[in-house]
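Shown next, in structure tokens, is the structure this report addresses.
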Amino acid sequence: MPSTRSAAGAPTSAVGAPTLVSAFAHRRPALVSAELVLDSKPGALPCAPTNHSPPGRPLRAPRGAKMKSRSLAVCLLGLLLAAPAAAAEGKLRVVTTLTTYADVARRVGGERVVAEAIVQGDQDPHYVRPRPSLAEKLAKADLFVSSGLDLELWVDGLLDLSQNPELRSGQRRFVSAAQGVHLLEVPKVLSQSEGHVHIYGNPHFMLSPLAMKQVARNLAAGLSKIDPEHAAEYAANAKAFGEELDERLVGKELIATLGAATTQRLLARPESFVEFLETKTYKGKPLIDRLGGWMKKAMPLRGRKVVAYHRNWTYFSDLFGLQVVNFIEPRPGVPPRAEHVAAVVEQMRKENIKVLIAANYYDEGNVREIAERVGARAVIVPLYPEGVPEATSFPA
């Protein structure tokens, strides 16, 4: 997806998941790749040598033990105390489960927050081992953000280690990212035989820009509880973030034609959104002609059959019209057996399905081997910011 800008205005890169659009070019040119993932500049180091030598000349050793001690102390303080220094400057410390939430927290909180995630961008969020180093992050947190579902079942154990009870669900320093999000695949019957039992519904909503608008509002509400003096600022940032997502999703021209409120109301039913645009006209021309943004780029994907490794593409496919016909995992979180994989491969062969999509925290070799059996393309992408070095932010 196109780049966005941080609260400070610097360009950032988009998460790799939406670049999935480029993968379906088995018999047509790639659609996005270079357009949807843009470059970003790495942040500056927390400390730098103060002895400026001419280019090509090594740094001189400082004279005297006192100077050595002072220089070393400056560097160590910069490297080891960077985060506490931020807190000392009055910034709120936000700890999140996912890098996606940390990135949105920075957008909503701006210069008033410092945010960090527990789960790395290329890590499966279902599986995190509670460690003292992670508990220490929570012990110092002013606000904790998790999905609020059963994606991160390890959270309670980590909170026990942190001894920070105010971060627990229902407390004032906790934010449920999923609060108010329309959840899909809510089970009618609960059974352990179904693998990961997500009793509230599919928890992978963070792949939908529509859901992330609500996450931003939830973050604004959470920050306002602990910092009411700046509540209006947080609300305004969340609103601006949501408006930017709408523009990048459908384009400015369509929003100007329909109005922001109508556009948002229609997007609430993504399964009928495109059909509405195709059947309605404006000034004698189909409304679909005014569609822009990510949805226009993804139009060639609507109805395209794909196979996925895990059920983490539900919200993405619901919005952009992909047809996920089967999964390599027979049930969420259940390792596939050879006979199940063989059956999926046979289905791909019969239905001429040429794309297998997977998050980059699964066994890449295994995913590629399955795809190669039928000459399909293995699309392995990061789902979260920092999943690869060039994917530094949620695609806003």
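The values are calculated or read from the model by the stated rules, or taken from the named source; none is laboratory data. Keep in mind it's a predicted model, so treat the numbers as computed, not measured. Cβ: placed from backbone, ideal geometry, glycine included. Neighbour counts: every protein chain shown.
Quick look at the numbers
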{"quantity": "In the stretch 266-293, the residues that are in contact with a Gly (Cβ under 9 Å, 6 or more places away or on another chain) and at negative phi", "calculated": "270, 271, 274, 290, 291, 292"}
{"quantity": "Single residue of the stretch 186-199 satisfying the filter (surrounded by 15 or more Cβ atoms within 10 Å (Cβ to Cβ) and either closer than 29 Å to residue 393 by Cβ or more than 24 Å from the chain's Cα centre (by Cα) (or both)) that is modelled with the lowest pLDDT", "calculated": "194"}
{"quantity": "Residue within the stretch 222-243 that is under 17 Å from residue 182 (Cα atoms), surrounded by fewer than 23 Cβ atoms within 10 Å (Cβ to Cβ) and free of Cβ contacts under 8 Å to residues at least 40 places away in the same chain present", "calculated": "yes"}
{"quantity": "Residues of the stretch 141-160 satisfying the condition of being closer than 17 Å to residue 223 by Cβ and either of a type in the set (Ser, Thr, Tyr) or touching a helix residue (DSSP H, G or I) at 6+ places or on another chain (Cβ under 8 Å) (or both)", "calculated": "141, 142, 143, 144, 145, 146"}
{"quantity": "Residue that is buried (at least 20 other Cβ atoms within 10 Å of the Cβ) and free of Cβ contacts under 8 Å to residues at least 40 places away in the same chain, where the choices are 287, 277, 319", "calculated": "277"}
{"quantity": "Subset tally (residues that are touching a residue at least 60 places away in the same chain (Cβ under 8 Å) and over 15 Å from the mean Cα position of the chain (by Cα)) for the stretch 127-146", "calculated": "2"}
{"quantity": "From the options 269, 311, residue that is under 23 Å from residue 213 (Cα atoms), free of Cβ contacts under 8 Å to residues at least 40 places away in the same chain and either crowded, with 18+ Cβ neighbours inside 10 Å or not small (Gly, Ala, Ser) (or both)", "calculated": "269"}
{"quantity": "Selected residue (criterion: modelled with the lowest pLDDT) from residues of the stretch 82-139 that are among the hydroxyl-bearing types (Ser, Thr, Tyr) and not in a helix (DSSP H, G or I)", "calculated": "127"}
{"quantity": "Residues satisfying the stated conditions in the stretch 354-369, i.e. β-branched (Val, Ile, Thr) and buried (at least 22 other Cβ atoms within 10 Å of the Cβ)", "calculated": "355, 357"}
{"quantity": "Within the stretch 122-161, tally of residues that are in contact with a strand residue (DSSP E or B) (Cβ under 9 Å, 6 or more places away or on another chain) and among the polar types (S, T, N, Q)", "calculated": "2"}
{"quantity": "Subset of the stretch 217-252 [under 24 Å from residue 95 (Cβ atoms) and not in a helix (DSSP H, G or I)]", "calculated": "227"}
{"quantity": "Failed condition for residue 346, given (1) on the phi < 0 side of the Ramachandran plot; (2) surrounded by fewer than 19 Cβ atoms within 10 Å (Cβ to Cβ); (3) touching a residue at least 24 places away in the same chain (Cβ under 8 Å)", "calculated": "(3)"}
{"quantity": "Filter result for the condition that a residue is surrounded by fewer than 15 Cβ atoms within 10 Å (Cβ to Cβ) and closer than 23 Å to residue 217 by Cα, over 171, 163", "calculated": "171"}
{"quantity": "Residue ID - surrounded by the fewest Cβ atoms within 10 Å (Cβ to Cβ), chosen from residues in the stretch 371-393 that are under 24 Å from residue 351 (Cβ atoms) and in contact with a strand residue (DSSP E or B) (Cβ under 6 Å, 6 or more places away or on another chain)", "calculated": "377"}
{"quantity": "3 or more residues within 30 Å of residue 115 (Cβ to Cβ): qualifying strands (runs of 3 or more DSSP E) within the stretch 276-394", "calculated": "355-359, 377-381"}
